[in-house]
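This report concerns only the one structure given below.
The values are calculated or read from the model by the stated rules, or taken from the named source; none is laboratory data. Keep in mind the model is a prediction, meaning the values are calculated, not measured. Please note: Cβ atoms are built from the backbone with ideal geometry, for glycine as well, and neighbour counts cover all protein chains shown. These area figures cover heavy atoms from the full protein model, side chains too; ligands, DNA and RNA do not enter into them. Shrake-Rupley method; radii C 1.70, N 1.55, O 1.52, S 1.80 Å.
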Amino acid sequence: MPPWDAALVLLLAALALLGLLVPRLRRPRRRAVGARTLPGARGQDDEDEVDGRGPADQFSDGREPLPGGCRLICKPSALAQCLLRALRRSAALEPGPRSWLSGPHLQTLCHFVLPVGPGPELAREYLQLADDGLVALDWVVGPCARGRRVTNAGGLPAVLLVIPNAWGRLTRNVLGLCLLALERGYYPVIFHRRGHHGCPLVSPRLQPFGDPSDLKEAVTYIRFRHPAAPLFAVSEGSGSALLLSYLGECGSSSYVTGAACISPVLRCREWFEAGLPWPYERGFLLHQKIAVSRYTTALEDTVDTRKLFRSRSLREFEETLFCHTKSFPITWDTYWDHNDPLRDVDEAAVPVLCICSADDPVCGPPDHFLPTELFHSNPYFFLLLSRHGGHCGFLRQEPLPAWSHEVILEYFRALTEFFRTEERMKGLSRRRASFLGGRRRWGTLQKREISPSSNLEEIFSWKRSYTR
């Protein structure tokens with residue numbers, strides 16, 4: 001293990017111990033915002049959680065919980081009802097025996113600190129971009145389990161694009177998701193930004209927090225390699241800003257069938273300005289400095305590296321790296337005008353499931369970091385809010401994978417079945433319309449009158465949109 005990584009592991013291990021001693025190290029809570037849930041059957045919660053009215057209850061009236069004390073917050077629609085039925089049947093949400101990993105800090109730090117172990121077999125490709133920069137694509141090619149299931153009825157495995165966090169660290173949960181997806185019949189591929197995870201930095205430019213230009217070229221290449229396969233996308237933590245920016249800018253031309261975000265940072269500017277609890281702030285800042293230190297010589301002509309490595313907060317580091325450049329300096333406001341992941345959210349045309357925890361110690365309390373109005377008003381966005389899970393944790397007792405992985409793959413399967421049913425109904429609609437049109441033409445030849453009140457939309461009630 002490199003000395004810098006060993007130092008980071010030791011620091012985060014110390015933070016894990018601190019998390020045991022200070023279990024409530026979080027930002028001060030603000031007043032909660034009310035919210036609704038979809039109609040459905042009541043699940044069974046733990047009595048102490050129901051009576052205690054935890055943070056998740058602040059977003060629901062408590063009448064429509066899912067198993068495990070989760071809540072689904074979204075705008076009512078046909079797709080929302082389909083997703084709600086799938087989540088109620090999900091065994092991953094069923095509460096299991098509580099373990100030593102129940103605390104939010106342990107859930108979070110085990111996710112970042114524990115060694116990855118034997119991961120999947122990866123085949124790396126480097127993609128040269130339009131400005132001669134490089135990004136890396138790690139295709140998961142093994143190990144292939146026996147009895148591997150195929151996700152697409154046509155026989156082609158669906159491609160699962162995985163976007164790690166913005167710091168470039170490949171966590172054990174990301175690799176666990178890839179292994180589980182490979183077993184379920186997907187073809188996972190991990191996207192690495194410029195200079196991240198061994199990808200060379202061949203030009204003096206790193207990718208800003210929410211700039212999807214590199215991801216657009218990567219998706220175009222993936223689409224070129226697998227033109228007939230469905231494409232799904234999953235992002236982790238701060239990497240969700242990149243995925244949401246891409247979906248907003250591309251709209252209906254994103255090539256993505258469905259997307260999911262694990263513990264997304266949605267109000268990114270406020271997140272940087274408020275700062276994280278100091279153990280996480282110091283740990284993530286140290287990781288950023290270690291990663292960028294490899295390219296000090298390449299960046300010293302464009303960035304004040306001396307000031308960069310003296311940064312004392314994530315905001316100062318981000319502002320020095322991308323705003324106070326020597327060639328084209330911009331203001332902090334201008335930077336977020338171009339990098340806010342929700343700047344074009346109204347243009348997104350892909351269903352997105354966000355899995356968040358009410359005890360997330362990195363993002364803070366839900367009423368502070370979750371824009372609930374987005375999930376109430378936009379039919380493409382769904383929020384699954386759990387009581388426990390930390391930040392990108394959602395761990396269960398070994399050897400079970402994180403329950404968030406199971407839920408995401410079940411969500412993708414529900415989307416596939418829903419869209420397949422919609423296509424069958426549309427095909428039936430066209431055949432019936434053609435049949436009725438032929439009868440009308442024959443009736444005209446026979447000089448028979450057609451009632452002017454006949455209306456296909458009134459006759460057939462199956463014509464609907466999943467965004468209704």
Quiz item: For segment 74-91, does any single residue satisfy the condition of being within 21 Å of the chain's Cα centre (by Cα), open to solvent by less than 10 Å² (accessible area, probe 1.4 Å), at pLDDT 80 or above and charged (D, E, K, R)?
Solution: no
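Looking only at segment 306-315, count every residue that is surrounded by fewer than 19 Cβ atoms within 10 Å (Cβ to Cβ) and touching a Leu at 6+ places or on another chain (Cβ under 9 Å) and tell me the total. Let's see the steps before the verdict.
Initially, segment 306-315 is screened for residues surrounded by fewer than 19 Cβ atoms within 10 Å (Cβ to Cβ), giving 306-307, 309-313, 315.
Adding the requirement that they be touching a Leu at 6+ places or on another chain (Cβ under 9 Å) leaves 311-313.
Of the residues in that region, 3 qualify.
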Practice problem: Mind telling me which of the residues VAL150, VAL174 ends up being among the β-branched types (Val, Ile, Thr) and at pLDDT 90 or above? | Solution: VAL174
Quiz item: Would segment 282-293 turn up any residue that is at pLDDT 90 or above, part of a loop (DSSP other than H, G, I, E, B) and not hydrophobic (A, V, I, L, M, F, W, C)?
Solution: no
Quiz prompt | Which listed residue, of SER238, SER252, is out of contact with any helix residue (DSSP H, G or I) (no Cβ under 6 Å at 6 or more places or on another chain), buried (at least 22 other Cβ atoms within 10 Å of the Cβ) and part of a helix (DSSP H, G or I) | solution = SER238
Quiz item: What are the residues in segment 198-235 that are farther than 12 Å from VAL135 by Cα, in contact (Cβ under 8 Å) with a residue 60 or more places away in the chain and in a helix (DSSP H, G or I), if any?
Solution: ILE222
Quiz item: (1) acidic (Asp, Glu); (2) open to solvent by 30 Å² or more (accessible area, probe 1.4 Å); (3) assigned to a loop (DSSP other than H, G, I, E, B): which one isn't true of GLU270, the others all being true?
Solution: (3)
Quiz item: (1) under 14 Å from TRP139 (Cα atoms); (2) open to solvent by 20 Å² or more (accessible area, probe 1.4 Å); (3) β-branched (Val, Ile, Thr): which one isn't true of VAL202, the others all being true?
Solution: (1)
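Select from segment 194-211 the residues that are touching a Pro at 6+ places or on another chain (Cβ under 9 Å) and within 19 Å of CYS261 (Cβ to Cβ) and list them in ascending order.
Residues of segment 194-211 that are touching a Pro at 6+ places or on another chain (Cβ under 9 Å), as a first pass: 194, 196-197, 209-210.
Hits for segment 194-211 are HIS196, PHE209, GLY210.
Evaluate the following for PHE209: is it within 21 Å of the chain's Cα centre (by Cα) and modelled with pLDDT under 95? Before the answer, list the steps.
On the way: within 21 Å of the chain's Cα centre (by Cα): yes; modelled with pLDDT under 95: yes.
So PHE209 fits the description; yes.
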Quiz item: For segment 304-373, which helices (runs of 4 or more DSSP H) that fit wholly inside it have 2 or more residues that are free of Cβ contacts under 8 Å to residues at least 40 places away in the same chain?
Solution: 305-308, 314-322, 332-339
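Report whether or not ARG315 is among the charged types (D, E, K, R) and closer than 20 Å to SER240 by Cα.
Considered against the rule, which asks whether it is among the charged types (D, E, K, R) and closer than 20 Å to SER240 by Cα, ARG315 comes out as yes.
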Practice problem: Using the structure shown, decide if THR416 is among the polar types (S, T, N, Q) and either open to solvent by less than 50 Å² (accessible area, probe 1.4 Å) or more than 24 Å from GLU273 (Cβ to Cβ) (or both). | Solution: yes
Self-check item: Given (1) part of a loop (DSSP other than H, G, I, E, B); (2) open to solvent by 40 Å² or more (accessible area, probe 1.4 Å); (3) over 19 Å from PHE322 (Cα atoms); (4) of a type outside the set (A, V, I, L, M, F, W, C), number of the condition PRO264 does not satisfy
Solution: (2)
